[in-house]
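Worksheet: the structure to be examined is printed underneath.
What follows is calculated from the coordinates using simple rules that are stated; it is not laboratory data. Quick caveat, the model's predicted, so the values are computed rather than measured. Glycine also receives a Cβ, built like all others from the backbone with ideal geometry; neighbour counts cover every protein chain displayed.
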Amino acid sequence: MKKNTPGRALFEALRQLFKDPATSTYPFSKAKLQPKFRGRIDFESEKCIGCKMCVRVCPAKAIDIILSAEQPAAPAQVEGQTTPPAKKKFDCIMNLDRCIYCAQCVEVCPKKALISTDDFELAQLDRKALRRHYK
Amino acid sequence: MSKISIPLGPQHPGLKEPINFGLVLEGEQIDKATVNLGYNHRGIEKAAEERTYIQDIYLLERVCGICSHSHTTCYITCVEEIAKAEIPERAKAIRVLVAELERIHSHLLWLGIAAYEIGFDTLFMYVWRDREQVLDCLELVGGNRVHYAINTLGGVRRDITPEIKAELLKRVDILEARTKYYTTLATEETTVLARTQKVGVLPKDLAIKLGTNGPTGRASGLARDVRKDEPYLIYDKLDFKLITADTCDVFGRVVVRVLETVESCKIIRQVLNYLPEGPISIKVPWKVPEGEAVNRYEAPRGEDIHYVKGNGTDKPERVKVRAPTLANYHAVPHMLEGGWMADVPLVIAAIDPCMSCSDRALVTDRAAARSAVWSWEEMRRNGIEFYKRRGVDFSKVVLK
């Protein structure tokens, strides 16, 4: 091995002069995301059964599942049959300032009511805007 | 000449994280050095006792950003040992794959920082540009760049598809070529040699006595690597070399790390070609039986040790983390003594310190000769009183 050669990086530095910059111009150009990226968690109320598994596993206590203010009407009574229980509707309160985006809730949800999205530009000037109420 | 004692840190431009070094200078030479820890204590071990085993994976991932996979793998292996769960071979292979990608990521990051401390910013910029390749690989496998969150109780969360495999192989080739270039650059460039040779010398006998591990120990000729000594996951099936250097100085630490990166590229290729078919995880009950386990793991910085004690519920009774940096700190004063003031940031950076990894609290009452475990409330009360004495009142902050 030849040792003590000054200017070993010179060739590389000269070659770099004729190359495009390694940095991207975000936010002017869009950031590239991989398909498995874990971003903001979205909620689909129709699928939720209110088992609260997501609330149990959340390491940051960021999720809360509550009963919706407006409940769907009970199914009509059919003569001679027992009334099936009304399907309850649930809301999800997601505290984005607490969420650590591990997507464990998405994995544990038995009905796939929680979805991991590509949304990552979530900074807000108002702290209250970080508390999302999905209906 | 009269001696001057100066503090280096906790806030200092030469340090990346808060730590304090007390230096006694004689002219420009260091006569004596001491190390003081404890500026970054976050109560993670206590918090781990309050959370379930699943939640602890994400908590312990945040012990340190760079070794996020090391800490979770070490912890989850302990839990699986207590639960007597045998994870699938494919899951083991994926864990090794992410571990080696993480090692490349950590070593390239370190090489950049070392180049920056030397004052060779060109090398720093080029290394960090090429480090993007391995960060992209990790994003491809795990989803995110730093907290991959690939581990779960009983296996891994994400599978490797043939497309990902092809992409990884392509990027590993680029990484290997670039790393080989940096190897020649770092071992032949005059600037690097002048700043690293005979700097921060730690002889082998002292390295053994002080219990150094990881690349710091291996650069002093200490042939120790948990992957070889006590193979875990699938390391016994892989063919790789244990890299050591006998120069015992910062130069040796550079050489060990760049050559280990090349070895890691080799391991990744072997794992991708080995990757057995089958499931990626098994179901493990959330309630883990009583028992305790200790596990060793070769993190990029050295030997990581986790201790977990289960009590039959879904929460652990005790989690103890011994991060690799803590073992290497004792060697820093010995490396510094007799050296020059201008080399201090480089010598400290050469052990690849991670302050957030190593700050753990131990409360002992010597006068009463008793040791008691603090509860979460007691710890919070103590924290509020500590800050009250410094003029900040946190007592009105409500915890959820």
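Annotations
- Taking amide H atoms as placed 1.01 Å from N in the peptide plane, the amide H of A:Asp42 lies under 5 Å from those of A:Ile115, A:Ser116, A:Thr117, each 5 or more residues away in sequence or on another chain.
- J(HN,Hα) series, segment B:145-152, from Karplus relation 6.51 cos²θ - 1.76 cosθ + 1.60, nearest Hz, glycine and proline x: 6, 10, 8, 6, 6, 8, 7, 9
- For the pair B:Lys198 and B:Ala177, a Förster radius of 22 Å applied to the C-beta separation gives a FRET efficiency near 0.10, rounded to the nearest 0.05.
- For the pair A:Tyr134 and A:Asp118, the difference between a 0.36 nm per residue extended length and the Cα-Cα distance amounts to 4.1 nm.
- Exposed GluC sites (Glu not before Pro) absent - longest run of chain B, DSSP non-H/G/I/E/B, at most 11 other C-beta within 10 Å: B:87-276
- At least 30 Å along the helix axis (C-alpha) and Kyte average at least -0.5, DSSP helices within chain B: B:89-118, B:121-142, B:162-188, B:250-274
- Loop-resident GluC sites (Glu not before Pro) (DSSP state other than H, G, I, E or B) in segment A:49-133 with no more than 13 further Cβ atoms inside 10 Å of their Cβ: A:Glu70, A:Glu79, A:Glu121.
- Chain B: C-alpha gyration tensor shape, a/c 1.5 cut-off, then a/b vs b/c: oblate
- Neighbourhood net charge (11 Å Cβ-Cβ; Lys/Arg +1, Asp/Glu -1) for B:Glu260: +3
- FRET efficiency for the B:Thr34 to A:Ala74 pair, using the beta carbon distance and R₀ = 56 Å, is estimated at 0.15.
- With R₀ set to 41 Å, the beta-carbon distance separating B:Ile6 from B:Asp229 gives a calculated FRET efficiency near 0.50.
- Highest-fluctuation residue, B:Ala219, B:Ala186, B:Ala91 considered, GNM on chain B with Cα pairs under 10 Å: B:Ala186
- Estimated inter-spin distance, A:Arg127 and B:Met125, nm [label 7 Å along Cα→Cβ]: 4.0 nm
- Its DSSP H runs of at least 4 residues, each contributing -39,500 (n - 2.57), put the calculated 222 nm mean residue ellipticity of the protein assembly as shown at -12000 deg cm²/dmol, to the nearest 500.
- Unit charges at the beta carbon, dipole of segment B:57-159: most positive-side option, B:Gly143, B:Leu108, B:Thr122: B:Gly143
- Normalised contact order of chain B, rounded percent, pairs of Cα under 8 Å and 6 or more residues apart: 24 percent
- Check: chain B dipole with +1 on Lys, Arg Cβ and -1 on Asp, Glu Cβ, in debye: 780 debye
- Taking A:Pro27, A:Pro72, A:Pro85 in turn, the Gaussian network model of chain A (Cα-Cα springs below 10 Å) assigns the largest fluctuation to A:Pro27.
- The packing ranking, built from the mean of other Cβ atoms within 10 Å per residue, places the peptides A:28-37, B:144-153 in the order B:144-153, A:28-37, highest first.
- Which of B:Trp340, B:Val35, A:Leu67, positive extreme of dipole for the protein assembly as shown (C-beta unit charges): A:Leu67
- Built amide H within the under 5 Å cut-off of B:Asn20, gap 5+: B:Asn36
- Restricting the trypsin sites (Lys or Arg not before Pro) of segment B:218-293 to loop positions (DSSP other than H, G, I, E, B) with no more than 15 neighbouring Cβ atoms within 10 Å leaves B:Lys241, B:Lys283, B:Lys287.
- Magnitude of the charge dipole for the protein assembly as shown, about its Cα centre and with charges confined to Cβ atoms of Lys, Arg (+1) and Asp, Glu (-1), is about 820 debye.
- Working note: Karplus 6.51/-1.76/1.60 with θ = phi - 60° gives segment B:232-241 the couplings 10, 6, 10, 5, 5, 8, 9, 10, 8, 9 Hz, where Gly and Pro are set to x.
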